[in-house]
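The structure under discussion appears below in the form of structure tokens.
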Amino acid sequence: MFNLSSVLSISKEDVERMSKPEKEWILKILSEIQEFGKSETLNSLWYEDYDEIPISIEEFISNPHYLGKSTRNGESIYPYWKNKYTEIFDPSINYEEIVLTGAIGVGKTRTAVCCLCYMLYKIMCLKNPQEYFKFNEGDKITIFFLNINLRLAEGVGYKTMHQYLLNSPWFMERGSQVGRTNLLYVPPHNIGITFGSKADHALGQQIYCSFLDEVDFTKGGIKGGDVLAAQNGIMQTYTAIKERINSRFIKNGVQYGRLFLVSSKKSEHDFIEAYVRKMKDETDKMMVVDEPQWIIKPPGTFSKETFPVAVGNRSLKSRVLDSKVSEEERKAIIKQGYEILDVPVNLRQSFVLDVNTALMNLAGRSVTGATSFFNFELFSKCYIKDYKNPFITDIITTGIHDNMNIADFLQIDQIPIEVRAMPQFIHIDGALTGDKAGISSVGVSGTKETKQYIGSKEIVSQELYYKHIFSVDIQSPQGSEISLEKTRQFIYYLKASGFNIKSVSMDGYQSADTKQMLLAQGYDAVLVSLDKTPQGYMALRSAMNDERIGLIQIDLLETELIQLQRDVQTGKLDHPLDGSKDMADSLAGALWNATLHKQSLIDAGVLFNVALDINEDVNAQQQFINEMQQDMINKNTTLANRKINELLDGYGSSDIISW
């Protein structure tokens, strides 16, 4: 409903959207204000449903009769937030979801709590809230604090709200307090303030507004569980509550309920970051506050003198720049793909000590790969120059109802005969519908002797060198499924084309049938799950660290590797809510299967004591092959000598001549 302030600030566009009766009311109200400085018509409209007309948010947070005693009459509220309060409750915008993110230590939780107090105040001004929103008389209207468990839900925000309400004369005149040591405020009109970790914790209640504050799985004590499942769980609960609010607190086309989400910045692949990115593209009813400390905190907090920070991306590391960098140098750095951030000099030490942490905590920036298991610097050094994925596209679309085959998308002539002859391992990360399936092939290009030391003891071992031969994702057309038969036929096609396939591994999803059929065709077929153990990814990262793998540069694979997050409790790796890891799983699975076959490969004498320099271009391939062939000759010569000695042992020269 309009108040005096909103009527006086109404725009022509707002009026044009109104019905004829509404336009007449607005003109009458404005005429009364013009003549008398107030409008009895406006007041009468309010008093039909309200015991008292709500004051503005600005007065609410500063007047000691309301929240002023908790905010030092509004003096403890940063001017930045005072402006945001006005925007949050602007009836011409009518935000439904407010996301407070960015830097730490800027008052995000307290801001949300003040908003919740104001929301409670406005509904308490109604004569009968249940009747106003067409609920049953006994229905309980609830302000709900949400988190991953009850302990965190009953956290800072919940306790702060009760403190503010207990300290407010207006609220205490109308409500009551309960408890002895842990005092809580009890509103009138069958309104409740509660907390929970599931939508069921507010079962049977009408959730008026909700607050999800700083989800932290480590503090939540999720031990041995799957963080991805916990992420999905909390967001499903949040979405369910959002749907309840949006469907029940609507009056005259206006949404009265609100959701508040508070989160400090982490990785750009944090699940809340992913949710916000998605929703901003779908609605204009989400307000996002996302600023650094020096923007939110009041003038005079930080020095006006600044220093530059180059903010990178997935392929560029963020770094602190020299304060004397010239304008021409700044332009050159920006052309490289950096963004330059001018930071108050007070914060320089924090950025020098750890630029990524400072960017997240102080600048409120999500950092690419900050919490990732892989980073661009790690795997980019393993790229094979001028060698491209032999598939014409990284994601192919084919299903059970079309005539396309996986081999139709493979430019097999780009894979040299000698590379096909390498002992290689193929992994299938399976799927049917919805998700993509991933297939990768990794060849073993040789071994190299490495030395490790345990104390003073030298340990010599043979480590495998790998070559990434191809990777592709497969998705089904809409309304179809991924064909498992086409996947098997692709393996048969590769074998017939000279690929030296030593083993095919699958992740276990819908794989039993495929495994049996491959075994029946004489293939070594095994189950390798990347979801149950991190060993495959550990082996892949080790190979990258030691530069023992030559990788193909594939944009999708880069993205998946960078986005992979490791659960510190379980060790498992998974993707963010809006990400995938099908291709990454297939690559890690293929390499891990090769690693499991290391000893059998060495014992069979099919490997070489040389390995292709992963940074050599394709033209150097022949030199590598020549070295392989020469090494084979040397090995064969040695084996032949041994065999002759073995066969002739015990025979004299006359015996040999008689042969």
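The values are calculated or read from the model by the stated rules, or taken from the named source; none is laboratory data. In this text the structure is predicted, and so the values were computed from the model without any measurement. Note: ideal-geometry Cβ built from the backbone for every residue, glycine included; neighbour counts use all protein chains shown. Each accessible area value is taken on the protein alone, full model and side chains, heavy atoms only, with ligands, DNA and RNA left out. Shrake-Rupley method; radii C 1.70, N 1.55, O 1.52, S 1.80 Å.
Observations, loosely collected:
- If you filter region 151-176 down to residues that are touching a strand residue (DSSP E or B) at 6+ places or on another chain (Cβ under 6 Å) and surrounded by fewer than 18 Cβ atoms within 10 Å (Cβ to Cβ), you find that the one that is modelled with the lowest pLDDT is Glu154.
- Candidates Glu485, Glu458: the one that is assigned to a strand (DSSP E or B) and either surrounded by fewer than 19 Cβ atoms within 10 Å (Cβ to Cβ) or among the basic types (Lys, Arg) (or both) is Glu458.
- Candidates are the residues of region 124-137 that are open to solvent by 60 Å² or more (accessible area, probe 1.4 Å) and out of contact with any helix residue (DSSP H, G or I) (no Cβ under 6 Å at 6 or more places or on another chain); the one that is nearest to Pro54 (Cα to Cα) is Lys127.
- Among (1) open to solvent by 90 Å² or more (accessible area, probe 1.4 Å); (2) assigned to a loop (DSSP other than H, G, I, E, B), the one test that Gly74 misses: (1)
- Checking Ser511, Ser505 one by one, the residue that is modelled with pLDDT under 85 and within 13 Å of Ile428 (Cα to Cα) is Ser511 and no other.
- Taken residue by residue, region 354-362 has no member that is modelled with pLDDT of 85 or more, crowded, with 19+ Cβ neighbours inside 10 Å, of a type outside the set (A, V, I, L, M, F, W, C) and closer than 24 Å to Val528 by Cα.
- Restricting Glu52, Glu32, Glu97 to residues that are among the acidic types (Asp, Glu) and touching a Ser or Thr at 6+ places or on another chain (Cβ under 7 Å) narrows the list to Glu32.
Yes/no per residue for (1) without any contact (Cβ under 8 Å) to a residue 24 or more places away in the chain; (2) open to solvent by less than 40 Å² (accessible area, probe 1.4 Å):
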position: Ser303; (1), (2): no, no
position: Pro308; (1), (2): no, yes
position: Lys317; (1), (2): no, no
position: Asp322; (1), (2): yes, no
position: Lys331; (1), (2): yes, no
position: Leu341; (1), (2): no, yes
position: Gln349; (1), (2): yes, no
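- Checklist (1) farther than 12 Å from Val472 by Cα; (2) among the polar types (S, T, N, Q); (3) in contact with a Pro (Cβ under 8 Å, 6 or more places away or on another chain) applied to Thr397, failing item: (1)
- Inter-residue pairs, beta-carbon under 9 Å, first in contact (Cβ under 8 Å) with a residue 24 or more places away in the chain and within 15 Å of Gly253 (Cβ to Cβ) and in region 12-25, second open to solvent by 100 Å² or more (accessible area, probe 1.4 Å) and basic (Lys, Arg), 6+ apart: none
- Failed condition for Asn83, given (1) in contact (Cβ under 8 Å) with a residue 24 or more places away in the chain; (2) open to solvent by 10 Å² or more (accessible area, probe 1.4 Å); (3) within 33 Å of the chain's Cα centre (by Cα): (1)
- Options Ile98, Ile148, Ile61: the member that is aliphatic (A, V, I, L, M), crowded, with 19+ Cβ neighbours inside 10 Å, under 27 Å from Leu183 (Cα atoms) and at pLDDT below 95: Ile148
- Residue under evaluation Lys278, criteria (1) closer than 30 Å to Arg17 by Cα; (2) surrounded by 15 or more Cβ atoms within 10 Å (Cβ to Cβ); (3) of a type in the set (Lys, Arg), criterion not met: (2)
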